[in-house]
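The values are calculated or read from the model by the stated rules, or taken from the named source; none is laboratory data. This is a predicted model, so every value here is computed, not measured. Note that we place each Cβ from the backbone using ideal geometry, even for glycine, and neighbour counts take in every protein chain shown. Accessible surface areas use protein heavy atoms only, side chains included; no ligands, DNA or RNA. Shrake-Rupley method; radii C 1.70, N 1.55, O 1.52, S 1.80 Å.
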Amino acid sequence: MKIRSTTLFVLAALALLALAACAPGTVQTVAPPATVGNPSGAATNAPAVTNAPAATNAPAATTAPTKAPGAAGTAADTLVYDGDLSDLISLDPAVTYEFGGLLAGHNAYETLVQITATDLTTIRPALAEKWEIKDAGANSELTFHLRDAKFSSGNPVTADDVVYSFQRVISLNKSPAYLFTDIGGLKQDSFKATDAKTLVITLPKTASPQGFLSVLTFNVGGVVDSKVVKTHEAAGDFGSGWLLDHSAGSGPYIIDHWQKEVEVLLKANPNASTKPATPNVLIKHVPEAANQQAALEK
């Protein structure tokens, strides 16, 4: 399986959600399109991959919803999205590799770079406002310069947060970790924060810098708030147990709750750089296509 085919699998649905979130707030019920992919984080030109690992099993969400199922807000401020969430195992960006996790996760976490729904071939700035690629002899060096951004907690996004986020991907070694270790050839010491706003990633010459930029647009490149996540670490899990059904990102939304095989509720992040026009997005588990169509027509 190629990274392109894996990540483009969720593109249209994420594009639909992102575009709807920027539209005037109205209640809508949307069934996923037949061909889907990922505008805010899909890898578009990374090297081919064979025998990609299967999605990692994780425990079911245990946090009870803060509201009754479906109680996201008023009719004027909630987008309702119907889809099959049976594959959703976690909302942790270092774990998610399946459709359901990517759908919610890409709206809660930002990546260093991104692609957009209108141009799937150009890598664009996201948390990194600019970057350079340098030949360093035996290696390649990618230097990223971060823009000013805040996490939902209000903490500033720093290069140390990026280092922590990427190192925990390798330490957890879940389904998407191979994108860093096998495709990027990265290790724990491949990441260095030279100051609060500058990050250097050292790639072996066996890895393509341009290909790895595409990898960084994927959910595995989501940057977490290290200060918040560290307070929830337990038994060496790097906070993954807490991030199972919480979020600590800088994206346009935060995870309000996840009720397994019922719904995920996203609420607008008050500290996001770009405020979404739709304050709430309710992603409902409706696996049957006929029921999705009936809800859409209603």
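Some notes on this structure:
- Each residue in region 150-177 was checked for being buried (at least 19 other Cβ atoms within 10 Å of the Cβ) and either assigned to a loop (DSSP other than H, G, I, E, B) or among the aromatic types (Phe, Trp, Tyr) (or both), and 7 pass.
- One residue stands out in region 229-242 among those that are among the hydrophobic types (A, V, I, L, M, F, W, C) and farther than 19 Å from PRO156 by Cα: the one that is surrounded by the most Cβ atoms within 10 Å (Cβ to Cβ), namely PHE238.
- Selected residue (only one of GLN210, GLN167 is touching a residue at least 12 places away in the same chain (Cβ under 8 Å) and closer than 17 Å to PHE238 by Cβ): GLN167
- Any hit, region 195-215, residues being open to solvent by less than 60 Å² (accessible area, probe 1.4 Å), under 21 Å from ARG124 (Cα atoms), in contact with a Pro (Cβ under 8 Å, 6 or more places away or on another chain) and in a helix (DSSP H, G or I): yes
- Selection within region 246-261: residues that are modelled with pLDDT of 95 or more and outside any strand (DSSP E or B). The member of this set that is farthest from ALA128 (Cα to Cα) is HIS246.
- Strands (runs of 3 or more DSSP E) contained entirely in region 46-126, each with at least 3 residues that are open to solvent by 30 Å² or more (accessible area, probe 1.4 Å) and modelled with pLDDT of 50 or more: 119-125
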